[in-house]
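The values are calculated or read from the model by the stated rules, or taken from the named source; none is laboratory data. These numbers were taken from a predicted model, which means no experiment stands behind them. As a convention, Cβ positions derive from the backbone with ideal geometry for all residues, glycine included, and neighbour counts pool all protein chains shown. These accessible areas exclude ligands, DNA and RNA; they are computed on the full protein's heavy atoms, side chains included. Shrake-Rupley method; radii C 1.70, N 1.55, O 1.52, S 1.80 Å.
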Amino acid sequence: MFGLKNLYKLISFSHLDYYYKKPKIPRSVYKKYSEGLIIGSACDRGELYQSILEGMSEQRIEEIASFYDYLEIQPLGNNEYLIREGKIEDRDGLIDINRKIVALRRKTK
């Protein structure tokens, strides 16, 4: 029940105090009310996936991954648009990113 109350608090903050074009929540506020909640890394538009696409340092990527309780991997078909847009060369590139995320989970937990 504590987690549900924290979730409602975070939703309220995101809509009332931190809303800018869409609801947002600063990481510091999330950390303050994180008890009883589980946070995931999200899909290809999430912070972790984007850090890999942008080629951030391994240390920074590991730091980002360590924040999350679980790391999400989507089916390859969900991210094929990245190939069409030229952000990734081919399907093997998508597989490599998924493998990297699996390896990150092993390192950070």
Kyte-Doolittle mean at least 0.0 and Cα extent at least 15 Å along the axis: which DSSP H helices of the chain qualify?
2-16
Less than 17 Å from a label point 7 Å out along the Cα-to-Cβ axis of Arg99: which backbone N atoms in the stretch 40-60 qualify, by residue?
52-53
Express in Å², to the nearest 10, the accessible area of Lys5 obtained by rolling a 1.4 Å probe over the protein heavy atoms while all chains stay in place.
120 Å²
How far apart, in nm, are two points set 7 Å out from the Cα along the Cα-to-Cβ line at Ser66 and at Leu7?
2.8 nm
Please say if the stretch 1-44 is rounded, prolate or oblate, where rounded means a/c under 1.5 for a ≥ b ≥ c the square roots of the C-alpha gyration tensor eigenvalues, and otherwise the choice is prolate for a/b larger than b/c and oblate otherwise?
oblate
Excluding residues fewer than 8 places away in the same chain, name every one of the lysines whose C-alpha is closer than 23 Å to that of Lys100.
Lys87, Lys109
Which order do peptides 72-79, 61-68 fall in by mean Cβ count within 10 Å, highest first?
61-68, 72-79
Helix-derived [θ] at 222 nm for the chain: sum -39500 (n - 2.57) over DSSP H runs of at least 4, divide by residue count, nearest 500?
-16000 deg cm²/dmol
